[in-house]
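The values are calculated or read from the model by the stated rules, or taken from the named source; none is laboratory data. This structure is a prediction, so every number in the text was calculated from the model and none was measured. No Cβ is skipped: glycine too gets one built from the backbone with ideal geometry, and neighbour counts run over all protein chains shown. The area values use the complete protein model at the heavy-atom level, side chains included, leaving out ligands, DNA and RNA. Shrake-Rupley method; radii C 1.70, N 1.55, O 1.52, S 1.80 Å.
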Amino acid sequence: MLNRFIRRAPENFLSRDQIQEVRAGRRGFLSGAVAAAASAMVIGRAMAADDPEIINLPAHSKGLGQPVAARGYGLPSEWEKNLQRRESPGLTRVSQSSVSFCPLQGLFGIITPSGLHFERHHQGWWDIDPSKHRLMVNGSDDTMLKRPMVFNMDELMRLPSVSRMHFIECGANTGMEWGNVAVPTVQYTHGMLSCSEFTGVPLRTILELCGADFKRAKFVLAEGADGSGMTRTIPMSMVMDGQVLVAYGQNGEMLRPENGYPLRLIVPGVQGVSWVKYLRRIELGDMPYATKDESIHYMDLMPDGLHRQYTSIQEVKSVITSPSGGQVLLEKGVHNLTGLAWSGRGKIRRVDVSVDGGRNWKPARLEGPVLSKCLTRFNSDFVWDGKPAFFQSRAVDETGHVQPTYGELRKVRASRSIYHNNAIQSWALEENGEVKNVQI
């Protein structure tokens, strides 16, 4: 989208050579790429009487447009084709076990378009025939539930459904930033994050149909149908309140194949790996299962060298998405700082923003709706006088948890971890208008 005041971030025009620079940890090329792009922009606006775009009627004002339903499924404008989810260069050895990052810098509101939803796959994605997909429910022994059952998709979709809006965040989101600044833009620092309206059946409803013994069953094992054998332990306490869904719908339509079609688990507030895609089995047990992705992976390395296990909740977090890294402010004057805040513990209560690196803070405007375990959009006015500035946001959730600084977080977690980095993000605005990723 054309914006005369902010130049887009350079992820939209990275060359193959520049990708190699990112792999090598060198980001000096960004200054040249952004400066060249900015110089190509005409800054300033002519008077309307002299503007040919005003006085000369364009073709679309004088003729017939495309016919109705020319596209059976609507697509974005040709002018928006560069807004894409993108794989991080060199993150994994094979793309079937990798991540694509959501372009947070170009989105509005809180809902992520399904086609831009971030991806995390452990064995690649599949487009599964829904008529052949099954969900099996069983117990770790014969006393866990009265009726082990198998459901097909038609049977599941006949059950009473609910629709809810929730964020999903990979536990490794912002993980590359633990040690120091690693990537240039918000798409790569925070882009393992998305938010959708999900539709499905509460898992508790399905377990009740199976006659589950909720006193004996303390945990649920969720198993996916892809080749990675993804299995995750979910505490029964999360199931009992009705929040955990067996979902088939996303943003008003069926799930996309990259997001688990035809069936996935929704576990609000919990790291994305527990939202098992291609869900095919639920098992009830009386203890955690310690599967490979919770006993080897997705653990937190602590300062004493030990690993912290079963840390699933995504703590309170926020980020300014615009202006953000790689963008360029083209004019002085009033700008809008906008971003997202979220917490796996409930609603966002407040977001404060700073333009001087945390010396002074002021409340941002929270835009509705403000929902539990859902993204919240915030905005704040900023008047740029041409001098350097440092943008930060700090979120507080309804439980009183406050987003920490990197200094505060590293006192507890050190700097060699991967998962659950919810530290305050800083963007440095330079005198030439360039915005860069920094840590304060």
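When 71, 86 are screened for being basic (Lys, Arg), open to solvent by 80 Å² or more (accessible area, probe 1.4 Å) and at pLDDT 90 or above, only 71 passes.
Scanning the stretch 85-99 for residues that are polar (S, T, N, Q) and not in a loop (DSSP other than H, G, I, E, B) turns up 95, 96, 97.
Among the residues of the stretch 334-347, none qualifies, meaning not one is of a type in the set (Lys, Arg) and over 23 Å from the mean Cα position of the chain (by Cα).
The strands (runs of 3 or more DSSP E) found wholly in the stretch 176-286 include none carrying at least 2 residues that are modelled with pLDDT under 95 and closer than 26 Å to residue 90 by Cα.
Restricting attention to the stretch 182-217, the residues that are in contact with a helix residue (DSSP H, G or I) (Cβ under 9 Å, 6 or more places away or on another chain) and not hydroxyl-bearing (Ser, Thr, Tyr) total 19. Scoring residue 147 on the criteria (1) assigned to a loop (DSSP other than H, G, I, E, B); (2) open to solvent by less than 60 Å² (accessible area, probe 1.4 Å); (3) in contact with a Gly (Cβ under 6 Å, 6 or more places away or on another chain) leaves a single failure, condition (2).
Just wondering, is there one or more residues in the stretch 36-48 that are modelled with pLDDT of 55 or more, open to solvent by less than 90 Å² (accessible area, probe 1.4 Å) and out of contact with any Gly (no Cβ under 6 Å at 6 or more places or on another chain)? Yes, the conditions are met somewhere in the stretch 36-48. For the stretch 175-207, taking the residues that are open to solvent by 10 Å² or more (accessible area, probe 1.4 Å) and of a type in the set (S, T, N, Q), the one that is nearest to residue 242 (Cα to Cα) is identified as 205. What are the residues in the stretch 120-133 that are modelled with pLDDT of 95 or more, surrounded by 15 or more Cβ atoms within 10 Å (Cβ to Cβ) and outside any helix (DSSP H, G or I), if any? Within the stretch 120-133, 128, 133 qualify. What about residue 359, is it more than 22 Å from residue 186 (Cα to Cα) and modelled with pLDDT of 95 or more? Judged against the criteria, residue 359 is a match. The lone criterion from (1) buried (at least 22 other Cβ atoms within 10 Å of the Cβ); (2) over 21 Å from residue 110 (Cα atoms); (3) not hydrophobic (A, V, I, L, M, F, W, C) left unmet by residue 226 is number (1).
Would you confirm whether or not the stretch 317-331 contains a residue that is of a type in the set (A, V, I, L, M), in contact with a Pro (Cβ under 9 Å, 6 or more places away or on another chain) and under 30 Å from residue 427 (Cα atoms)? Within the stretch 317-331, one or more residues are of a type in the set (A, V, I, L, M), in contact with a Pro (Cβ under 9 Å, 6 or more places away or on another chain) and under 30 Å from residue 427 (Cα atoms).
Determine, yes or no, whether residue 312 is modelled with pLDDT under 95, surrounded by fewer than 16 Cβ atoms within 10 Å (Cβ to Cβ), on the phi < 0 side of the Ramachandran plot and not hydrophobic (A, V, I, L, M, F, W, C). When the stated conditions are applied, residue 312 does not pass them. Summed over the stretch 157-174, residues that are open to solvent by 10 Å² or more (accessible area, probe 1.4 Å) and over 17 Å from residue 267 (Cα atoms) total 4. Residues that are within 22 Å of residue 426 (Cα to Cα) and in contact (Cβ under 8 Å) with a residue 40 or more places away in the chain do occur in the stretch 194-202, at least one of them.
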